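Notes follow once the structure below has been shown.
The values are calculated or read from the model by the stated rules, or taken from the named source; none is laboratory data. Please read all numbers here as calculations on a predicted model, not as lab measurements. Don't worry about glycine lacking a Cβ; one is built from the backbone with ideal geometry, like all the others, and counts go over all protein chains shown.
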Amino acid sequence: MPWLSILMGVPVVGALAVAAVPKGSDKLAKQLTLGVSLVVLVLTLAMAAQFDRSGARYQFSEVHDWIPSFGVHYAVAVDGIALVLIALAVVLVPIVVLASWHDADRPEAKRSVKTYFALILVLEAMMIGVFAATDVFLFYVFFEAMLIPMYFMIGSYGGAQRSYAAVKFLLYSLFGGLLMLVAVIALYAIAAKGTFLQPELLGAIKDPTTQKWLFLGFFIAFAVKAPVWPFHTWLPDAAAQAPAGAAVLLVGVLDKVGTYGMLRFCLELFPDAAKFFTPLILTLSVIGIVYGAIVAIGQTDMKRLIAYTSISHFGFITMGVFAMSADAGAGATLYMVNHGFSTGALFLLAGFLINRRGSQYIADYGGVQKVAPVLAGTFLVAGLSSLSLPGLSTFVSEFLVLIGTFENYVVPAVIALSGMVLAAVYILWMYQRMMGGPVQESVKALPDLNLREKFVVAPLIALLVVFGFFPKPLLDVVNPAVHQTLTTVHAPQFTPAIPVTAEKKGAGQ
Amino acid sequence: METAADFVQHSGGVIGASWLTIALPLLGAAILLLGGRRTDRWGHLLGVAMSLASFVVAVLVFFELLGFGADQRRRVVELYDFLPSGSLHVEMGLLLDPLSISFVLLITGVGSLIHIYSIGYMAHDPGRRRFFAYLNLFVAAMLLLVLADNYLGLYIGWEGVGLASYLLIGFWQHKPSAAAAAKKAFIVNRVGDMGLALGIFVVFTTFGTIAFNQVLPAAHGASEGTLTLIGLALLLGACGKSAQLPLQSWLLDAMEGPTPVSALIHAATMVTAGVYLVVRSGPIFEAAPTAQLVVTIVGVATLLAGAIIGTAKDDIKKALAGSTMSQIGYMMLAAGLGPVGYAFAIAHLIAHGFFKASMFLGAGSVMHAMNDEVDMRKFGGLASVMKITWITFGLGYLAIIGFPLLSGYWTKDGIIETAMEHNPILGWLAVIGAGITGFYMSRLFFMTFHGRRRWDADAHPHESPAVMTWPLIILSIGSVFGGGFLIVGNRFMEFLAPAVGRPEEMPSFHPFSLTGLVTLALVAVGVAYAWMRYGRSEVPAVAPRGSFLTTFARRDLYGDALNEALFMRPGQWLTRLAVFFDNRGVDGLVNGLAALVGGTSGRLRRIQTGYVRSYALSIFFGAALLVGAWFVVGNL
């Protein structure tokens, strides 16, 4: 069964159907979108259930010629890493749809309500495609095409400075994309294998200098996307101006394409260059962790604050990707997933607050805990996941990234530890200012979460808690793929100084 | 020193079900938090029931553990495969041994009493259900901390109690001071947690595992430098959680929380977690003398600092908080002295759990009677109107100053004697600390219960209801007999030996040792001086200015000022600078570059909306064109 094509086809057909809904029946369009996204979720879970953890690396593989003369294929398949990222995307979409129920109704919106929801479904198909593509060219096409729906979601439905933000987002991404395009074509030409299939291109580029140039082409594109410091400045604008739901998909999923691309393409296609650039990238990552956190502390706008926390978190992910250890790699992959849930919850709750109060400035809130305890409580849990509190899944990934990095690179890991303290400062200070203290006049009548909003937040918190105590299902899927990636890179195996080799002592009674 | 007993895998029996001690209060917390207002009516009862049930399981576990021979009492119960990563593989399990079960009994026992007391204390608070939910959450996290059989499990519990502490200090979020204190506690603790995390990293890269039953027996094999590093990193964590110098500043502010919280979390249990960590990691510290030395220095410095702060506080809870710091300083000192010290450290910890909880709850009872007043200058003469509180508080007071034969006498004296043998400087400083304790605790006791009544006009003090006084009575019984029961005949020393190792020579008790006599004499001087100043003489309603030393003590030895100057101010500057730089520098540079390349004005903000869209689209189509062009060129 062509699982992945079906997964992409359903939302595309759904998008067409939503677009065809007659004017004036916005509710139908919304319900249809929610229904389609839930079908995709169920299909994905059905596919994931058939994924064989000990089987071949790439599963559900489909390869068809697309442009045979240039060796371009429609080739899709997933390994454990791609699978969990697709799962992240399809879990977030229905949640975002439900959360955005009234977001496109606002009079400032420049396009129709149904268009917004159709765009979400188009984006969903592309998000699945980009993680599933095993043909480098196909990946590039998805990588660029994803910009279009997101551009319109920000530019037509966003806040006051949406045009500025949308253009900035587009320009940065296009700049990165062009570099990558050059690298993609050069890779094809220099490898001279007559194909764009990623597995067949492994080890194809031997010359160290060529590797370095091509690596940079891909890496800068991914670094802008991720975003890695200092390519990050588009993100706070885009995230602050985008509607909350679009911000979740942007930061929660689209940006992960950058870090995923580093793992899948930068590391596997150019292992020597990756090792060469590792010190540089670890440095940028550590700067991003500390810098993003410090700038987050100084924000006065909660959506910008959340965006800067993500820059700090992306520092952890890229550090984990390039630490070249099994623990850090697994941690970075998990981090991509957990960060999606965590930031998703934060952005959506911030959106609920903004819808109620009409302001995204922290100073316009105060004492919300007293008037809307459920809203404040869930906001706190989402915040705690952002500061990686043990018991929530984000802790597992951050701990693995740190300990895995520490295995190979002591100094970056130790500096990154300070991110723990800074995260506590930016989250708890925001919570104190918005939720604590005396009740501000303007929030006195602030309603608590309604049923729809509870259905938005509950699954995210449930996922954070369940994977916080029981990360094994994710790790079991991710571990083999990370192991294979590291084998491709020839990363050394970790050996402790004084290995305690004996079985647990005193087995039996 | 003989090493501790081997670890035994265990399944079945009550010990096999010991996870219930954690699961029950966790379930309670979940029901109360998710149930919302529906559970308001009976929420507090559920909270108490879950805590008591946990205590019952703990007692059963304790007796089953006693049924095994001494060398069979380190039992590991595997729970589930928690973190199967590439190199790091953590299986979550519980370690039941004399050390952990001592903590479990203290936490669930004293914890249950404080739950019961809170029924009365929080009776009129609209958030009582939420309060009990957090208390249950705390008990669950604290039990995980002491029961986990690996450092990661300990760490999860460690930050879990930090969360509970945050939630409970900030329980009255609407008070800005409470919200700020909660945040401060969490952040300062996180500084310590960095150390704990680092310690775990080094343990893992050294031994390839973080399970106690694999790391601890192998510890002596690592180099001293590595072990010292691990020890110091763990100590940083311990300093945060246990409010030891230099991470002590949060504890005094933490008194913003409701008083039962101060009793349970910030006196009897959570703040002693640092002592647990050091004792649990004993084999690491024993092979790293430098780390041990630093532990003892931190302990002595904090026991003196806490005592000095205690002398100058007029807020009854803050004075007690200073004394908590000081008493944990004693425990920390002992924990740095190896196996003899471990037993005294834990014995003092248990005794302290009783007498300090008794006094904190007593302070709560006084506040309950005095319209939540905490200023001792407005108390006085309360002995006659609240007899039970007076007696139970008095017994706790006598226990903490080391009145002969009461709990603190045995346990603190053991610590002082051991320290004296080990290093006379540390020993004499600990003796001086005991003298100051005699003074400041007497000051507190006399100012509150004796002398002239200095009450506000609207104060009508009365004894607290039975649901509050019974816990006080039970705790005060512990304050009287607990220490003697543990220390006499080395009972606790023998009990703990399988877990922490048996000292070469069991300590023998000399009732009339020089150290003991000097300590008693100094305490007597402290009590007498306090009686002259605060019992017999008039206590002024407004605190006199006092010398610079008084100010020094009142300002918490300038701990906050130091933090502010060293971290907060520079941090604020750095933040402002970074935000400015990010808006103007990085972003400006890129915008400028774009302007240069694009030849536009560069002020994207000013561009007309419609124009922007077409501009962007044209770029996009331009890019698409370029794609095609490159593609063709690439194939030529």
So which helices (runs of 4 or more DSSP H) stay within the range B:419-504 end to end and still have 1 or more residues that are among the hydroxyl-bearing types (Ser, Thr, Tyr) and under 30 Å from residue B:365 (Cα atoms)?
B:424-449, B:466-487
Counting only residues in the range A:130-149 that are within 12 Å of chain B (Cβ to nearest Cβ), among the aliphatic types (A, V, I, L, M) and under 18 Å from the mean Cα position of the chain (by Cα), the one farthest from residue A:222 (Cα to Cα) is identified as A:148
Can you spot a residue in the range B:250-267 that is surrounded by fewer than 24 Cβ atoms within 10 Å (Cβ to Cβ), in contact (Cβ under 8 Å) with a residue 12 or more places away in the chain and among the hydroxyl-bearing types (Ser, Thr, Tyr)?
no
Filtering the range B:161-172 down to residues that are crowded, with 24+ Cβ neighbours inside 10 Å and facing another protein chain (nearest Cβ under 9 Å) yields B:162, B:166, B:170
Considering the range B:446-470 alone, what residues qualify as being touching a Leu at 6+ places or on another chain (Cβ under 9 Å) and within 18 Å of residue B:259 (Cα to Cα)?
B:448, B:461, B:464, B:468, B:470
Is it the case that residue A:201 is touching a strand residue (DSSP E or B) at 6+ places or on another chain (Cβ under 6 Å), closer than 24 Å to residue A:58 by Cα and more than 9 Å from chain B (Cβ to nearest Cβ)?
no
Within the range B:536-556, take every residue that is under 23 Å from residue B:449 (Cα atoms) and touching a Lys or Arg at 6+ places or on another chain (Cβ under 9 Å) and give me the one that is surrounded by the most Cβ atoms within 10 Å (Cβ to Cβ).
B:539
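One line per residue, one yes/no per condition, for (1) touching an Asp or Glu at 6+ places or on another chain (Cβ under 8 Å); (2) more than 16 Å from residue B:345 (Cα to Cα); (3) at pLDDT 95 or above:
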| position | (1), (2), (3) |
| --- | --- |
| B:210 | no, yes, no |
| B:213 | yes, yes, no |
| B:221 | no, yes, no |
| B:224 | no, yes, no |
| B:242 | no, no, no |
| B:262 | no, yes, no |
| B:267 | no, no, no |
Qualifying residues in the range B:39-98 (those that are of a type in the set (S, T, N, Q) and more than 14 Å from every other protein chain (Cβ to nearest Cβ)) - the one nearest to residue B:127 (Cα to Cα):
B:51
What's the total number of residues in the range A:174-197 that are more than 10 Å from chain B (Cβ to nearest Cβ), buried (at least 23 other Cβ atoms within 10 Å of the Cβ) and part of a helix (DSSP H, G or I)?
3
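Table: residues versus (1) in contact with a strand residue (DSSP E or B) (Cβ under 7 Å, 6 or more places away or on another chain); (2) surrounded by fewer than 18 Cβ atoms within 10 Å (Cβ to Cβ); (3) among the β-branched types (Val, Ile, Thr).
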site: A:12; (1), (2), (3): no, yes, yes
site: A:16; (1), (2), (3): no, yes, no
site: A:31; (1), (2), (3): no, yes, no
site: A:35; (1), (2), (3): no, yes, no
site: A:42; (1), (2), (3): no, yes, yes
site: A:54; (1), (2), (3): no, yes, no
site: A:66; (1), (2), (3): yes, yes, no
site: A:76; (1), (2), (3): yes, no, yes
site: A:105; (1), (2), (3): no, yes, no
Is there a residue in the range A:153-168 that is surrounded by 24 or more Cβ atoms within 10 Å (Cβ to Cβ), more than 12 Å from every other protein chain (Cβ to nearest Cβ) and of a type outside the set (Lys, Arg)?
yes
The condition of being part of a helix (DSSP H, G or I), farther than 17 Å from residue B:145 by Cα and more than 7 Å from every other protein chain (Cβ to nearest Cβ) holds, among B:191, B:202, only for B:202
Listed residues B:57, B:61, B:48; which is within 19 Å of residue B:498 (Cβ to Cβ) and out of contact with any Asp or Glu (no Cβ under 7 Å at 6 or more places or on another chain)?
B:61
Quick check on my filter: what residues within the range B:210-227 are within 8 Å of another protein chain (Cβ to nearest Cβ), in contact (Cβ under 8 Å) with a residue 12 or more places away in the chain and either in contact with a His (Cβ under 9 Å, 6 or more places away or on another chain) or among the aliphatic types (A, V, I, L, M) (or both)?
B:211, B:215, B:222
Failed item, numbered, when residue A:379 is tested on (1) aromatic (Phe, Trp, Tyr); (2) touching a helix residue (DSSP H, G or I) at 6+ places or on another chain (Cβ under 7 Å); (3) surrounded by fewer than 24 Cβ atoms within 10 Å (Cβ to Cβ)
(3)
Taking residue B:584 as the residue in question, decide whether it is within 14 Å of another protein chain (Cβ to nearest Cβ) and at pLDDT 50 or above.
yes
What residue, among those in the range B:127-157 that are more than 19 Å from the chain's Cα centre (by Cα) and within 10 Å of chain A (Cβ to nearest Cβ), is surrounded by the fewest Cβ atoms within 10 Å (Cβ to Cβ)?
B:127
Conditions: (1) under 26 Å from residue A:441 (Cβ atoms); (2) without any contact (Cβ under 8 Å) to a residue 40 or more places away in the chain. Residue A:367 meets all but one. Number of the miss?
(2)
Only one of B:237, B:195, B:231 is over 12 Å from the mean Cα position of the chain (by Cα), surrounded by 24 or more Cβ atoms within 10 Å (Cβ to Cβ) and under 24 Å from residue B:269 (Cα atoms), namely B:231
Please determine whether any residue of the range B:213-228 is touching a strand residue (DSSP E or B) at 6+ places or on another chain (Cβ under 6 Å) and either closer than 20 Å to residue B:83 by Cβ or buried (at least 24 other Cβ atoms within 10 Å of the Cβ) (or both).
yes
Go through the range A:286-376 and tell me which helices (runs of 4 or more DSSP H), entirely inside it, have 3 or more residues that are buried (at least 24 other Cβ atoms within 10 Å of the Cβ) and in contact with a helix residue (DSSP H, G or I) (Cβ under 9 Å, 6 or more places away or on another chain).
A:302-322, A:326-357
Of the candidates A:61, A:100, A:112, the one satisfying the condition of being of a type outside the set (D, E, K, R), under 20 Å from residue A:252 (Cα atoms), at pLDDT below 95 and surrounded by 15 or more Cβ atoms within 10 Å (Cβ to Cβ) is A:100
Of all residues in the range A:100-128, which are out of contact with any Ser or Thr (no Cβ under 7 Å at 6 or more places or on another chain) and in a loop (DSSP other than H, G, I, E, B)?
A:100, A:101, A:102, A:106, A:107, A:108, A:112
